[in-house]
Amino acid sequence: MKRKPVLSNYVAAVLVLAAVIAIFQSLSANAAGVSTPDIIVKISDLEKNLKILDQINGQDPDQAGASLSDQMRAFLHSTDWIDPGRSAVIGIELKEPQPSLVALIPFRQPSEAFQNSTNALPEKDFYLISFPPGQQVAVDGSFKSALNDASRSKTGSFVSVELALKQMMDKNEPQIRQMLSQLENLPQAEGAPPIPVSPQDIREMMASLMNTAAQLETLMLSFDLSREKLSLIMEGHAAAGSELERLFTAQPASSLLGNYNPSHYINYKSRSYDYSGIFRLMEDTFGVFYRKMGFDFGEITAFMKHFSGEMAGGLSFKGNTIILEGIDVLKDPKTAPDFVKTIYLPWMEKFSRTMAKNMEDLTGQKVENMFIRTKPSTVAGHMVYGVKFKFPTLPAQDGGAEAAPPEIFNNFEVRMTTVGNLLVYANDDKQLGRLIKIADGLKPSLAAGPLIAMDFDLGSYFEAIQRAVPNAFDSGQPIPRLGRMYVTVDVKDGKVFSTSSIQMTDIKKMVAYKQQPGAAEDSGKEVDREDEEQSEEEKAKKEAEIAQKKADYWFNKGALCATYGNDKAAIRYFKKVVELDPQRSGAYFEQGISYGQLGRYDKAIPLIDKAIEMAPDNGLYYYGRGRVHLLAGEKEKAMQDFKRAAELDSEDALNYLNYVSQVI
């Protein structure tokens, strides 16, 4: 008897693949020559990393439902046969009429159960399977060789996805161009508000985006998982001779801010690099879009030419106030003394007027400028200028209330001056005086560390979001105490590397906060504590609820295993259900069906009989027993059960009887 899946989600790797394929499927085309993967997904040391995932989720028998790691183990029929020294690899080739997906699973000993359930093609020390599993594997030698090489290459990441971007762009260029040309014919949705960006503008911007993406030979995204932290790693390799290759090449330089280390909830620091070049790349890619929205990105790029790219600073939140400080290095010492007065403030005021006009065009109502100059002052002999940020209240729409800006943005002021070729800024003159003293003492040193480094106090960051956007989180509970998240970006020899890391304890706290609001602080501890003042009746009720949750957990796990054909494991789990909840008829029924699938009809029928005895009006049970009788060669008994199931409105039974009558 073939079961329908009891869970709506698939194995984690399959979900990732589906998302990736959805992006590119409409662009696929036949490639000339030998086939090689356009996308390679690698999963290393499965069992070790699945256990870490279980720890993150707080996986235990008290939780109802089967986790993604449970699904993976059920699909694989356990993981003890897989070679942990090599990676499981999935290769995707984008082609017509549909993409080709083939997975390589390395083994130290064969698994007959896995091979039979997935129709896997056995090789010397690995299996090849197609997606969705069960199809016959069709793969040429070059594709198989690429998968084998990827499986044997070392990786420290749990999961990595490598996209051969330039290959994909080159192969699919005709389809991409055709798709972009069709954007010009998109109809305007009836009743939709007019927007200043036309389909032609979108086509032009998308074409520019594709041209930029084509400058990347490969892009790799990976998750590095350990018991201490989780890291998201991005690595991009620029094509030779491209603008990206130039931007991704580090230029040795001295540093002025090496000894300035701000200490805030959010801190940032960068070495000198082609700052304006990054904005120029953004202008080339998105310039047409921003111009139609009222922004001249070329002006922004021109303004950024005044900065060397080296900067450091921090941001904190105190109540409903933003605390800000920072030092930026200016390129030209000659313009630095009057930079704030003659260049920075005029540019900010012009930008403010542009933003106000854009909002007026969208709303049809008057909007005040966002930047207002405040009274100048002198601090430690330096002329100081100030700007107050006034975030506008958006006009009412359709008779609704005006949208007031979050309180945290109200009355936000920045004071600024220059010290040599350093732009120094803070919230008030007192803080600025402290920074001026620091800036006066800074000396050039050899540049060290990553190109860009940032760190976030996660708890304070989320609290600030909660204050600014009160409904940002579903829970009304306080944000748990969390550590810091670290982000680094570096470039070398035409390559860019980015790493974002977060401590595993913080992930567990946030998972607990999401799953059980109010329990995040006690993550890893027993949440439900027995109250000594509870009555015996209340205690018994609570114990019954816990047993019910355990029974639900094992039932779902058993059903999952049965769905993927692992009936031996399913039987073990259904037996646990019966031990916890002897009155659950479904556990006897499913256990009987699994025995039937294994050909143990002598055990299958009595268990299904027990289920029918407990629920005599359940048509599914009669239909299931009929299927087992049919497998056992008892056709008359099978037909009796099918007829009884049909009388109880079993759709499967009705369909079967209708099929039999047509055949006869």
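The values are calculated or read from the model by the stated rules, or taken from the named source; none is laboratory data. Computed from a predicted structure; not experimentally measured. Cβ: placed from backbone, ideal geometry, glycine included. Neighbour counts: every protein chain shown.
Return a yes/no flag: does the range 265-285 have any residue that is without any contact (Cβ under 8 Å) to a residue 12 or more places away in the chain and more than 27 Å from I502 (Cα to Cα). Step through it out loud before you land on a result.
Just the residues of the range 265-285 that are without any contact (Cβ under 8 Å) to a residue 12 or more places away in the chain, to begin with: none.
No.
Report whether or not K603 is within 18 Å of R627 (Cβ to Cβ) and basic (K, R).
Working: within 18 Å of R627 (Cβ to Cβ): yes; basic (K, R): yes.
Considered against the rule, which asks whether it is within 18 Å of R627 (Cβ to Cβ) and basic (K, R), K603 comes out as yes.
Return the residue satisfying two criteria in turn: it lies in the range 75-102 and is under 17 Å from S142 (Cβ atoms) and without any contact (Cβ under 8 Å) to a residue 60 or more places away in the chain, and of such residues it is surrounded by the most Cβ atoms within 10 Å (Cβ to Cβ).
Top of the filtered list is G91.
Of all residues in the range 263-317, which are of a type in the set (K, R), in a helix (DSSP H, G or I) and crowded, with 20+ Cβ neighbours inside 10 Å?
Quick first cut of the range 263-317, residues of a type in the set (K, R) only: 269, 271, 280, 291-292, 305.
When the remaining residues are screened for being in a helix (DSSP H, G or I), the result is 280, 291-292.
If the condition is that a residue be of a type in the set (K, R), in a helix (DSSP H, G or I) and crowded, with 20+ Cβ neighbours inside 10 Å, then R280 is the only one that fits.
Give just the number: which of (1) closer than 30 Å to M72 by Cβ; (2) in contact with a helix residue (DSSP H, G or I) (Cβ under 7 Å, 6 or more places away or on another chain) does E579 not satisfy?
So the condition that E579 fails would be (2).
Does L244 count as touching a Ser or Thr at 6+ places or on another chain (Cβ under 7 Å), modelled with pLDDT of 85 or more and more than 22 Å from L442 (Cα to Cα)?
Here the answer is no, as L244 does not meet what is asked.
For the range 332-352, indicate whether the set of residues that are of a type in the set (D, E, K, R) and under 31 Å from the mean Cα position of the chain (by Cα) is non-empty. It would help to see each step written out before you state the result.
Going residue by residue through the range 332-352, those that are of a type in the set (D, E, K, R) are 332, 334, 338, 341, 349-350.
Going one step further and asking which of them are under 31 Å from the mean Cα position of the chain (by Cα), we end up with none.
Among the residues of the range 332-352, not one is of a type in the set (D, E, K, R) and under 31 Å from the mean Cα position of the chain (by Cα), which makes the answer no.
Quick one: would you say E93 is among the acidic types (D, E), in contact with a Phe, Trp or Tyr (Cβ under 9 Å, 6 or more places away or on another chain) and not assigned by TED's automatic domain parsing to the domain that holds A562? Explain how you work it out, then say what you get.
Values: among the acidic types (D, E): yes; in contact with a Phe, Trp or Tyr (Cβ under 9 Å, 6 or more places away or on another chain): yes; not assigned by TED's automatic domain parsing to the domain that holds A562: yes.
Considered against the rule, which asks whether it is among the acidic types (D, E), in contact with a Phe, Trp or Tyr (Cβ under 9 Å, 6 or more places away or on another chain) and not assigned by TED's automatic domain parsing to the domain that holds A562, E93 comes out as yes.
Which of the residues belonging to the range 205-230 are under 17 Å from V159 (Cβ atoms) and among the aliphatic types (A, V, I, L, M)?
Initial filter on the range 205-230 (under 17 Å from V159 (Cβ atoms)): 218-227, 229-230.
Once the filter is applied, which keeps residues that are under 17 Å from V159 (Cβ atoms) and among the aliphatic types (A, V, I, L, M), the range 205-230 yields L219, M220, L221, L225, L230.
Just give me the residues in the range 325-348 being farther than 20 Å from T378 by Cβ and either touching a strand residue (DSSP E or B) at 6+ places or on another chain (Cβ under 6 Å) or in a strand (DSSP E or B) (or both), in sequence order.
G326, D328, V329, L330, K331, M348
Please go through the range 221-242 and pick out each residue that is surrounded by fewer than 16 Cβ atoms within 10 Å (Cβ to Cβ) and not polar (S, T, N, Q).
Narrowing the range 221-242 to residues surrounded by fewer than 16 Cβ atoms within 10 Å (Cβ to Cβ): 223, 226-228, 232, 234, 240-241.
Those that are surrounded by fewer than 16 Cβ atoms within 10 Å (Cβ to Cβ) and not polar (S, T, N, Q): F223, R227, E228, L232, M234, A240, G241.
The conditions are (1) under 27 Å from the mean Cα position of the chain (by Cα); (2) within 28 Å of D201 (Cβ to Cβ), and L232 fails exactly one of them. Which is it?
L232 satisfies every listed condition except (2).
Within the range 584-606, is even one residue within 30 Å of M72 (Cα to Cα), of a type in the set (D, E, K, R), at pLDDT 90 or above and surrounded by fewer than 18 Cβ atoms within 10 Å (Cβ to Cβ)?
Checking the range 584-606: at least one residue is within 30 Å of M72 (Cα to Cα), of a type in the set (D, E, K, R), at pLDDT 90 or above and surrounded by fewer than 18 Cβ atoms within 10 Å (Cβ to Cβ).
Of all residues being surrounded by fewer than 20 Cβ atoms within 10 Å (Cβ to Cβ) and in contact (Cβ under 8 Å) with a residue 40 or more places away in the chain in the range 247-259, which is farthest from G309 (Cα to Cα)? Just the residue, please.
Filtering the range 247-259 for residues surrounded by fewer than 20 Cβ atoms within 10 Å (Cβ to Cβ) gives 247, 249-254, 258-259.
Next, from what is left, pick out any that are in contact (Cβ under 8 Å) with a residue 40 or more places away in the chain: 247, 249-250, 252-254, 258-259.
Numbers: L247: 12, T249: 14, A250: 13, P252: 13, A253: 12, S254: 12, G258: 14, N259: 17 Å.
Among those residues, the one meeting the criterion is N259.
Could you tell me which numbered condition E368 fails, if it satisfies all but one of (1) modelled with pLDDT under 85; (2) in a helix (DSSP H, G or I); (3) surrounded by fewer than 17 Cβ atoms within 10 Å (Cβ to Cβ)?
(2)
Under 6 Å between Cβ atoms, at least 6 apart or on separate chains: pull out the pairs that start in the range 337-361 with a residue that is surrounded by 15 or more Cβ atoms within 10 Å (Cβ to Cβ) and end on any residue that is in a helix (DSSP H, G or I).
Pairs found: W347/F303.
Return a yes/no flag: does the range 198-220 have any residue that is surrounded by fewer than 19 Cβ atoms within 10 Å (Cβ to Cβ), touching a residue at least 60 places away in the same chain (Cβ under 8 Å) and within 30 Å of F317 (Cβ to Cβ).
No - not one qualifying residue is present in the range 198-220.
Quick check on the range 437-466: of everything there that is over 21 Å from the mean Cα position of the chain (by Cα) and among the hydroxyl-bearing types (S, T, Y), which residue is farthest from R481 (Cα to Cα)? Full working, then the answer.
So the first thing to find is which residues in the range 437-466 are over 21 Å from the mean Cα position of the chain (by Cα), and the list is 437-453, 460, 463-464, 466.
Cutting the leftovers down to among the hydroxyl-bearing types (S, T, Y) gives us 445, 460.
Values: S445: 37, S460: 8 Å.
Among residues in the range 437-466 that are over 21 Å from the mean Cα position of the chain (by Cα) and among the hydroxyl-bearing types (S, T, Y), the one farthest from R481 (Cα to Cα) is S445.
Hey, can you tell me all the residues within the range 481-524 that are more than 22 Å from the chain's Cα centre (by Cα), at pLDDT below 70 and buried (at least 16 other Cβ atoms within 10 Å of the Cβ)?
A519, S523
Check whether at least one residue in the range 128-140 is assigned by TED's automatic domain parsing to the domain that holds I40, in a helix (DSSP H, G or I) and more than 25 Å from A569 (Cβ to Cβ), and report yes or no. Give the derivation first.
Applying the first criterion (assigned by TED's automatic domain parsing to the domain that holds I40) to the range 128-140 yields 128-140.
Next, only the ones that are in a helix (DSSP H, G or I) stay: none.
Checked against the condition, which is being assigned by TED's automatic domain parsing to the domain that holds I40, in a helix (DSSP H, G or I) and more than 25 Å from A569 (Cβ to Cβ), the range 128-140 yields no hits at all.
Conditions first: (1) over 27 Å from A562 (Cβ atoms); (2) without any contact (Cβ under 8 Å) to a residue 24 or more places away in the chain; (3) exposed (fewer than 13 other Cβ atoms within 10 Å of the Cβ). D170 passes all but one, so which condition is the exception?
With respect to (1) over 27 Å from A562 (Cβ atoms); (2) without any contact (Cβ under 8 Å) to a residue 24 or more places away in the chain; (3) exposed (fewer than 13 other Cβ atoms within 10 Å of the Cβ), D170 is out only on (2).
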